[in-house]
Amino acid sequence: MSEKRESLNFLEQIIEEDLKNGKYTSIQTRFPPEPNGYLHIGHTKAIWVNFTIAQKYGGKTNLRFDDTNPSTEETIFVENIQKDIKWLGYEWDNLFFASDYFEQLYNFAEQLIIKGFAYVDDLTSEEIAELKGTPTSPGKNSPYRERTVDENLAIFRDMRAGKYKDGEKVLRAKIDMGHTNMLMRDPLLYRIKHQHHHKTGDTWCIYPMYDFAHGQSDSIEEITHSMCSLEFIHHRPLYNWFIEKLGIYPSKQREFARMNVSYMITSKRKLKKLVENGIVTGWDDPRMPTVAGMRRRGYPASGIRLFCEKTGIAKRNNLQEIALLEACIKEELNKTCHRMMVVNDPVKLTIKNYPEQTHETLSAINNPENESDGERELIFSKHLYIERADFMEDAPKKFFRLSPGRNVRLKNAYIIHCESFVKNDEGQIEEIICSYYPDSKSGSDTSGVKAKGTLHWVSQEHAIPCTIREYDRLFKTEAPGTTEGVDFLDEVNEKSLVINKKAYMEPALHTYPKGETVQFMRIGYFRIDEDSTNDEFIFNRTVLLRDSWKKG
RNA sequence: UUUCCUGUAGUGUAAUGGUAGCAUGUUUGAAUUUGGAUCAAACGGUAGGAGUUCAAGUCUUCUCAGGAAAACCA
């Protein structure tokens with residue numbers, strides 16, 4: 001009888017309030033990456049927040065590259081970031097660059113000078129830091145703070161004209177050197193950098209700092225809700241100060257907690273070190289938390305989106321469990337992946353009452369979750385491979401698989417009975433001898449025989465060898481890089497990649513294209529890697545069906 | 001020692017001042033042509049004190065705990 005109120009996160013509550021009281025009539029958001037690296041799992045949350053909230057309220061989202069530091073930014077990152085955002089399933093309404101606004105920002109700076117809110121400082125960076133004070137003690141005014149408007153204007157124009165060297169002068173806001181918020185202690189607005197910019201070339205030799213570019217860029221684009229991570233909360237008073245002093249469009253900054261994921265790192269510096277030290281093969285190594293890495297691992301974009309949705313938005317520092325990420329990935333993969341049979345660690349199995357020279361074709365449903373995916377053919381014969389782990393000489397009661405005297409169903413085929421086994425000189429099982437019940441065929445079983453478990457298998461003669469890259473989490477510790485005195489490189493899981501070259505796959509897999517993800521029945525999800533050739537089929541392990549970390 | 005932010009099951013995230021819910025996790029069970037998925041059940045929570053109130057996870061205040069803030073980075 002009573003309608004269930006939809007629960008809103010705090011950002012949605014703010015937006016609904018703003019819309020209701022007419023503060024804004026529509027909303028506009030933005031995703032503002034700096035083009036100096038690759039997007040990672042942390043960015044996906046920011047992307048998700050900005051795009052889905054705008055979508056929900058019929059608003060728009062811009063992609064804006066925050067390219068105010070020519071020393072670190074490159075075109076290659078601009079391209080990759082766009083590719084990743086599209087892959088994640090989002091489309092921006094406008095593509096902008098902070099550098100599009102350089103002229104406008106310069107004019108803003110002159111306006112501030114004219115109004116007496118900015119001045120040129122000749123101090124060195126060390127001297128500026130010295131006078132800045134500390135969080136607990138106030139700073140002191142620069143001796144250059146009281147220059148006249150005309151003098152400031154003249155020098156600032158000379159700065160733009162290239163009359164000074166890097167570091168010789170800076171433009172600062174004139175706020176309050178005694179402010180409790182250190183960002184309000186006359187922050188730097190412009191610095192001199194005689195450096196080529198990826199977009200503006202050599203047009204400029206002065207570049208605005210983040211604080212003087214970000215809020216004004218938001219304002220120029222009439223961003224209503226500028227949503228960023230908690231670390232920028234101290235910047236908000238400054239963000240508002242510029243907008244107020246310049247009398248421009250009143251964008252509002254709102255902060256939410258960034259998403260951290262257990263066993264992952266997102267520090268750009270540390271990720272770079274992994275690549276440089278050869279611990280991973282590159283930025284798109286399937287173990288990397290980058291969008292490129294997750295894509296190659298086989299994580300579907302829909303699963304990543306689902307993860308962002310399920311983890312929610314709040315203002316508390318959080319560490320999301322990787323198990324939840326993997327649950328989301330599996331939930332999506334389960335809907336779409338074909339169920340295939342691949343034996344990872346083969347042991348021979350011979351069916352003694354099955355004719356030697358013949359084989360038969362059986363049919364298998366590609367995906368029971370999606371009937372329209374149809375069926376495919378399997379080849380069954382006397383000589384098979386099954387998983388070594390699916391046989392136990394002395395099995396406990398709870399072991400549902402093969403053991404002497406026990407029955408088991410071979411998936412899509414027959415129920416077999418284990419008669420005996422053969423060991424080699426080292427005491428290792430070499431061959432398992434079984435008999436089969438001819439009238440127990442899947443789909444037309446009239447045998448009445450019971451089998452507790454079901455095993456996957458391949459035919460020795462028909463199976464195709466393949467390589468499996470068994471990826472695991474990159475780190476051994478839940479929050480790598482956060483323990484004092486411990487180098488994060490020492491926390492790397494040395495078994496994060498095991499290459500398995502002894503596996504056999506069912507023949508039908510041969511026709512599946514690179515980039516396709518399938519389920520290896522009873523094992524997990526695997527993606528056909530781009531490194532595959534006609535001679536070698538290579539799979540990347542995306543995620544296991546069951547979490548093996550807690551057991552054993 | 002200053003300022004700001006945040007404290008709800010193991011981990012996350014909800015709850016016009018009025019039934020602490022959901023997901024994940026763990027365990028067990030049912031069913032099953034995957035020890036998956038599905039279904040069912042169990043486990044497990046408001047940091048502490050004081051105040052306001054008929055009623056506080058929610059409002060006020062104090063304590064405690066965690067995080068953040070010093071770059072010519074964003």
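Computed extension gain for A:Thr75 through A:Ala154, at 0.36 nm per residue and net of the alpha carbon distance, reaches 25.1 nm.
Compute the helix-to-body angle for A:149-161: its Cα long axis versus the longest principal axis of chain A, expressed 0 to 90° and rounded to tens. The helix A:149-161 is inclined about 50 degrees to chain A. For A:Phe96, nonlocal amide neighbours, meaning residues 5 or more places apart or on other chains whose placed amide H falls under 5 Å from its own, are A:Leu63, A:Arg64, A:Phe65. Annotation: extensible slack from A:Ser444 through A:Leu489 equals 10.6 nm (criterion: 0.36 nm per residue apart, minus Cα-Cα distance).
Helix A:41-56 versus the longest principal axis of chain A: what angle, 0 to 90°, nearest 10, using Cα atoms? Helix A:41-56 sits at roughly 80 degrees to that axis. The HN-Hα couplings worked out from phi for the stretch A:483-500 by the Karplus form 6.51 cos²θ - 1.76 cosθ + 1.60 (θ = phi - 60°) are 8, 5, x, 10, 6, 4, 5, 6, 9, 5, 6, 5, 9, 5, 9, 10, 9, 10 Hz, whole numbers, x standing for Gly and Pro. Mind giving me the FRET efficiency for A:Arg258 and A:Asn534? R0 is 45 Å, r the Cβ-Cβ distance, nearest 0.05 is fine. Efficiency, rounded to the nearest 0.05: 0.55. Between A:Glu130 and A:Ala327, the simple label model (points 7 Å from Cα in the Cβ direction) yields a spacing of 5.7 nm. Whole-Hz Karplus values for the stretch A:401-417 come out as 9, 8, 6, x, x, 9, 9, 7, 8, 8, 3, 6, 10, 10, 8, 10, 10 Hz, taken residue by residue from phi with 6.51 cos²θ - 1.76 cosθ + 1.60 and θ = phi - 60°; glycine and proline positions read x. Between the amide H of A:Val543 and those of A:Tyr525, distances stay under 5 Å, these residues lying 5 or more places away or on another chain, with hydrogens modeled in the peptide plane.
Compute the FRET efficiency between A:Glu516 and A:Thr350 as 1/(1 + (r/R0)^6), taking r as their Cβ-Cβ distance and R0 = 41 Å, and round to the nearest 0.05. Between A:Glu516 and A:Thr350 the formula returns 0.80. Remark: the stretch A:213-225, residue by residue, has Karplus-estimated 3J(HN,Hα) of 10, 5, x, 5, 5, 4, 5, 4, 7, 6, 5, 8, 10 Hz, where x stands for each Gly or Pro and the curve is 6.51 cos²θ - 1.76 cosθ + 1.60 at θ = phi - 60°. Dividing the helix sum by the residues of chain A, where each DSSP H run of 4 or more adds -39500 (n - 2.57), gives a mean residue ellipticity at 222 nm of -7500 deg cm²/dmol. Each eigenvalue of the Cα gyration tensor of the stretch A:342-456, multiplied by 5 and square-rooted, gives one semi-axis; in descending order these are 24, 16, 15 Å. Among the listed pairs A:Lys132/A:Lys245; A:Lys450/A:Lys514; A:Lys252/A:Lys476, those whose Cα-Cα separation exceeds 30 Å are A:Lys450/A:Lys514; A:Lys252/A:Lys476.
Counting every other Cβ atom within 10 Å of each residue's Cβ, A:Ile379, A:Ile351, A:Ile499 order from fewest to most as A:Ile499, A:Ile379, A:Ile351.
The relative contact order of the stretch A:306-429 comes to 18 percent, based on Cα pairs under 8 Å that sit 6 or more residues apart. As a proxy for reagent exposure, A:Glu146, A:Glu326 were ordered by neighbouring Cβ count within 10 angstrom, fewest first; the result is A:Glu146, A:Glu326. The amide H of A:Leu455, built 1.01 Å from its N in the peptide plane, has A:Arg409, A:Leu410, A:Lys411 as neighbours under 5 Å, considering only residues 5 or more places off or on other chains. Site pair A:Thr25 and A:Lys272 shows an inter-label distance of 4.6 nm when each label is modelled 7 Å from Cα along Cα→Cβ. In loop segments of the stretch A:1-74 as defined by DSSP, the GluC sites (Glu not before Pro) with at most 15 further C-beta atoms inside 10 Å of their C-beta are A:Glu3, A:Glu6, A:Glu74. Note on A:Ser372 and A:Ile114: their simple-model spin labels are 6.3 nm apart, each label 7 Å out from Cα toward Cβ.
Across the stretch A:157-198, C-alpha contacts under 8 Å between residues 6 or more apart give a mean separation that, scaled by the residue count, equals a relative contact order of 41 percent.
Bear in mind these aren't lab numbers, they're just calculated from the coordinates by the rules spelled out. Here the structure is a predicted model, which is why all the values come from computation and not from measurement. Every residue, glycine among them, receives a Cβ derived from its backbone with ideal geometry; neighbour counts consider all protein chains shown.
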